[in-house]
1. Given G340, G169, N64, which one lies farthest toward the positive end of the charge dipole of the chain, if we put +1 on the Cβ of every Lys and Arg and -1 on the Cβ of every Asp and Glu?
2. In degrees from 0 to 90, rounded to the nearest 10, what is the angle of the helix 192-204 Cα long axis to the longest principal axis of the chain?
3. I need the phi-derived Karplus couplings for segment 355-360: 6.51 cos²θ - 1.76 cosθ + 1.60, θ = phi - 60°, integer Hz, Gly and Pro marked x.
4. Evaluate the charge dipole of the chain about its Cα centre and quote only its size in Debye, nearest 20, assuming +1 on the Cβ of each Lys and Arg and -1 on the Cβ of each Asp and Glu.
5. On full extension of the chain, what length is gained from K118 through E313, given 0.36 nm per residue of separation minus the C-alpha to C-alpha distance?
6. How tilted is helix 140-149 with respect to the longest principal axis of the chain? Cα atoms for both, answer in degrees (0 to 90, nearest 10).
7. Using the Cβ atoms and a cut-off under 9 Å, what net charge is assigned to the surroundings of E271, where Lys and Arg are +1 and Asp and Glu are -1?
8. At a probe radius of 1.4 Å, what is the per-residue accessible area of Y205, in Å² to the nearest 10?
Amino acid sequence: MTQNRIVLLMTFVALSSLAAEAQTSPNVTTLLRCNRLLDVRQGTYISNAGVLIENDKIVDVGANVRSATAARTIDVPGTCLPGLIDVHVHLTADPEEGGFGYSELGVSIPREAIFGAKNARRTLMSGFTTVRNVGAKGFSDVALRDGINAGDVPGPRMQVSGPALSITGGHGDDNLLPWEFHHYGQGVANGPWAAREKVRENIKYGADLIKVLASGGVLSKGDTPGAPQFTLEELKAIAEESHKLGRRVAAHAHGTQSIKDAILAGIDTIEHCSLIDDEGIALAKQHHAYLDFDIYNDDYILSEGAKHGMLPESIEKERQVGRLQRENFRKAFQAGAQMGFATDGGVYPHGDNWKQLPKMVEWGMKPIDAIRSATLNGADIMGWSDRVGSIEKNHYADIIAVDGDPLADINVMGRVKMVIKGGEVYRNDFAR
């Protein structure tokens, strides 16, 4: 027998042994016994509920679910809910570590990746088991997603966009540097075909979705939130190219016209929505586009922004749009628009994502509406309704527990005591 044939035979035997071991290894079964469990679809509690988990999936759930053979049983005296979903975060940005204004110029892409590892853990421990990261330099969010999936660092499930698409001099261009540097942001593209090429490039390097900056922004230099940036023709090209390649699109759009253009272009979610009008709300309903208002971070920007390097012009822009955004949030909700839970995490400290839930209630939602935005609606936005967003059979075992009744007092969502992601317990303060 030749040496090559011996090596091949030994390899085959080793692989066969591993396969046999995988087939015979026992499943890990966990029984979660919840004092009460929130059925987010019905908006009601199930008392003394059992959740049977096998490896990373839920195999049974209900009032009468028990198991005598579960390898472990976890008693939860609080309220069990699905793991929360935030569809607008920037985990590789950090407001407390030079993330704004001119101090941002000193933050390298490797440093942003380290921020991401820290902030992913913070976000997970606060009860957010799934996020959509919409904008990061150097595909640092792709690396973070892959590291979480490989088990290198703890963090939520992620969909990531890579660098956001921007026009020259727009919200996503690096406008802090003077002309002699001849520097442009990584996502800059002008014209429909250049925009299509940028979509293809982002997907090549690992993007799960495409983020486009349809209007000016608050925290960028030299533009205004209400001003359109990409044209309708360009937005249509971006949406068409993304959808053709199996990716959804999120559009940053504060301005009235940019919101309408993004919806008419076929973009899936509209972020910020600060200056939306009645026509824009009607278009969103007609085209089944989600509206993702970030109505908490106004508080942080106005109270803490200056000390963390935000430019005076940015803080002034926030003063001009913050109140209007909240009023339009209420108007859109009352009109029946589809609403996501999108906080712009990274503008404020990560882990405080939950603070938007009380704001949503303050501005018109019932607690169950706010919770649904961060569970069922988030799953729908991400195309993951078959795996996250509710505690149901065959879904991932992404479950959190809070100390109190969130339907009676939404503020208890800030008292997360237990976090389970994929059947793995990352936090259980009840056991202390």
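The values are calculated or read from the model by the stated rules, or taken from the named source; none is laboratory data. Being a predicted model, the structure only gives us computed values, none of them experimental. Here the Cβ positions follow ideal geometry from the backbone for every residue, glycine too, while neighbour counts run over all protein chains shown. With ligands, DNA and RNA removed, areas are computed over all heavy atoms of the protein, side chains included. Shrake-Rupley method; radii C 1.70, N 1.55, O 1.52, S 1.80 Å.
1. With unit charges placed on the Cβ atoms, the residue in question is N64.
2. Between the helix axis and the principal axis of the chain, the angle is about 30 degrees.
3. So the J values, rounded to whole Hz, are 5, 6, 4, x, 5, 5.
4. It works out to roughly 1120 debye.
5. 67.2 nm
6. Helix 140-149 and the main axis of the chain meet at about 10 degrees.
7. Net charge around E271: -2.
8. Surface open to solvent at Y205 totals about 110 Å².
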